[in-house]
Amino acid sequence: MTERGELAGDPFGRLRALTEARIGLGHAGPGLPTAASLKLQLDHARACDAVHTALDVPALQIALGRKVHVVHSAAADRATYLQRPDLGRRLAPEVSLPRLGGDLAIVIADGLSATAIMAHAAAVVAALPAFLPGWTILDPVIALQGRVALGDAIGEQLGARSVLVLIGERPGLSAADSLGAYLTWAPRIGRRDHERNCVSNIRVKGGLAPERAAANIAWLLGEARRIEATGVVLKDRFGDGAPTLSGPADTPRALDAPHGGA
Amino acid sequence: MGHYACDLGSTRYRFADLREVLAFASPPRSGDYLAGLGAPDAQARMAARYALADLPLATFLEDLVVPYEDDEVTRLICDTHDAAAFAPVASLTVGEFRDWLLADATSAAQLRALAPGITPEMAAAVSKLMRNQDLITVARKCRVTSAFRSTIGLEGRLAVRLQPNHPTDDPSGIAASIIDGLLMGCGDAVIGINPASDSVERAAALLHLIEDLRERLAIPTQSCVLTHVTNSLELIETGAPLDLCFQSIAGTEAANRSFGIDLAVLREAYDATLSLGRGSVGQNVMYFETGQGSALSADAHHGVDQQTIEARAQAVARPFHPLLVNTVVGFIGPEYLYDGKQIIRAGLEDHFCGKLMGLPMGCDVCYTNHAAADQDDMDTLLTLLGVAGVSFVMGVPGSDDIMLNYQSTSFHDALYARSALGLRPAPEFEAWLQQVGLADAQGRMKALSERRALPLIEAVLHD
């Protein structure tokens, strides 16, 4: 009887609990009621701002606790970046980085969400060393208008054995601050996406927390060093077979939009 | 092959080949510039359109934009071309063909008879000479019907694919979205789930979920889990209740290979699905999706502009008599279609070309958050396509697909389009809506308070 009572009061109350989808929104004529219409526009506004807000480099340097190299891709501005993924994968011609060697280079790239970088990148970087004892980890490089493959050029110039690219993923309506982590062993220009591993959906609420993501990344790096490779040959068994959010970077989905600026 | 040129004023424009004429003649879009194919400036674009207007339509049967020897899609186009159907327009240039299509005297029956004689390159070429209103005028004259348990494409009707996706394929979450859509009169084109998982077992479970609901509520529609065609073949073998076989397709053999398919496996899947004989009012069993940019993203475009390649993808669908062909117009991102203007134009082109080739065209009117587009652009395209007689559109709860992370048209949008343009659901589905008390005698959805919705909701909650 109580169930019937609930249904009579709000027929969608129980249904709403079953999904995050926007169901039972009500009506204003054929259209959305004002509240639901504004909420959709607000969520879209957040996503747009995440895409178009420039990365606050000084603030990120403070969060990282050190001043690090800042490089630019060959995409001069956001409009070019969005239309020319090829330019976002190349370094601007004047960029030259010192050949430092080391086990791991870290690239922090704005990708499609500077919001994600500002929210989570420093936390992942700070958590990593504890999970990678004995590794020589280079200071991060901040890359502007960068896509995943830009890490290959940076890792190659630095002479690092592997590169980790932390990049803002394409914002969805429910989360504009999702960070992706892409790992490439022996980075060099021309690496393909199937030669990478990816840990995605790094965020505090409803995703993989930065600490946990760092542990997962470190596990993958350990395996990568053992087999001297990343990509489809490296299966992510972090967490003993529990479902994880990571996978080979090129998990095919027909007609899917590119993730994370890959 | 022949040389292509045009004099504009005192300037002679020469084009390297037919592909360049087509690419330069295209309205500007980011994907063609990403591929290095777009016109260098606005006058070069017009020069290409003049050159195109003077080309005999038959040129496209001789000068093949992707070589016959290299590509099975080209071979399909050439080998199945119906010369008798083509005869009425065989002597026309592309420009004359545009005028012929627009002429009041050219009837729906003539267009239907013409369809097998039109190659995708011809359709794409003439579309490049057409403004948006031309694309609408001609498309609305084309009448393409298909049927399974409901009939799609009848005049004055607009069907909706109910798209109840969930990020973890959670059955009750999906069922909740299905109920929401049914209560708003959506689902007559198909109840179609994009699965998050690639697992055949999970797909079978989702098919059973829709099947149970459909049978219990006696809904005259069809179900689909949009999984790879080879998964559908497995589902058929294991006896899952599969109504429609889905596949994403592209316009070249190499791009299809990147999707893990070829024409042979499509043929195998078509035959297997047809053999199930599950349709009641028709036996159109295939559901195809396409989208401008897919060939370029697979590096398999052969130097051909993305709109022409898209029309070729539609030609891949043609031999399999699909129930639904859906152009997913803004999904792939701003590197292919940058903004609302480009998305709107592409949606109208794809709908026009598909209908001209005799296909039951729908459109996923959609955009991603990194494209320069918003709900207003989608309202515009939905309205234009409704006027153009689009066969079906998507219905996603509140426009927000929580699995694929993009915005499409909503159940509310479908209500709007039907109400603003006087369009009704598929007739079998409309009769069901009336029978269960969701729609009135004129087919209009009743206000929520008047609907007998509770039995539907309870059916789900008690699972």
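So here's what we get for this one:
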| quantity | calculated |
| --- | --- |
| Around A:Gln61: net Lys/Arg minus Asp/Glu count, Cβ-Cβ under 13 Å | 0 |
| Over chain B, relative contact order from alpha-carbon pairs under 8 Å, at least 6 apart, % | 19 |
| C-alpha center-to-center spacing [the stretch A:159-197, the stretch B:65-106] in angstrom | 45 |
| Heavy-atom accessible surface that A and B bury in contact, both chains counted, 1.4 Å, Å² to 100 | 4100 |
| Calculated [θ] (222 nm, deg cm²/dmol) that DSSP helices of n ≥ 4 give over chain B, each run adding -39,500 (n - 2.57) | -13000 deg cm²/dmol |
| Average other protein chain Cβ within 10 Å of Cβ, residues B:390-399 | 3 |
| Most positive-pole-ward Cα, B:Ala5, B:Thr252, B:Gly443, against dipole of the protein assembly as shown from beta carbon charges | B:Gly443 |
| Chymotrypsin sites (Phe, Trp or Tyr not before Pro) restricted to DSSP loop in the stretch B:35-70 with at most 15 other C-beta within 10 Å | B:Tyr68 |
| Antiparallel %, DSSP beta bridges [both residues in the stretch A:52-227], to 5 | 50 |
| Solvent-accessible area per residue for the protein assembly as shown (1.4 angstrom probe, square angstrom) | 37 |
| Rounded to 5, the percent of DSSP beta bridges in the protein assembly as shown classed as antiparallel | 40 |
| Accessible area (Å², 1.4 Å probe, nearest 10) - B:Thr145 | 80 |
| Total lysine pairs under 22 Å (Cα atoms) in chain B, excluding pairs fewer than 8 apart on one chain | 5 |
| Exercise: per-residue mean of other protein chain Cβ atoms within 10 Å, A:22-34 | 6 |
| Farthest positive-ward along the protein assembly as shown dipole, Cα basis, beta-carbon charges - from B:Ile236, B:Phe320, A:Ala79 | A:Ala79 |
| Computed [θ] at 222 nm, helices only, for chain A once each DSSP H run of length n ≥ 4 contributes -39500 (n - 2.57) | -9500 deg cm²/dmol |
| Positive minus negative residues near B:Leu129 (Lys, Arg vs Asp, Glu; Cβ under 13 Å) | 0 |
| Mean projection area, nm², convex hull over Cα of the protein assembly as shown | 32.7 |
| Degrees separating the helix B:42-54 axis from the principal Cα axis of chain B, which is the longest one | 90 |
| Assigned charges on the beta-carbon of Lys, Arg, Asp, Glu; chain B dipole about Cα centre (debye) | 1320 |
| Gap separating the Cα centres of the stretch B:138-205 and the stretch B:342-407, nearest whole Å | 15 |
| Evaluated at q = 0.11 Å⁻¹: base-10 log I(q)/I(0), Debye formula over Cα of the stretch A:50-192 | -0.35 |
| Trypsin sites (Lys or Arg not before Pro) restricted to the stretch A:70-116 and DSSP loop, no more than 13 other C-beta within 10 Å | A:Arg99 |
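The values are calculated or read from the model by the stated rules, or taken from the named source; none is laboratory data. Just so it is clear, the structure is predicted and the values come from calculations on it, not from any experiment. Positions of Cβ are backbone-derived with ideal geometry, glycine not excepted, and every protein chain shown enters the neighbour counts. Accessible surface is based on the protein model in full, side chains and every heavy atom, while ligands, DNA and RNA are left aside. Shrake-Rupley method; radii C 1.70, N 1.55, O 1.52, S 1.80 Å.
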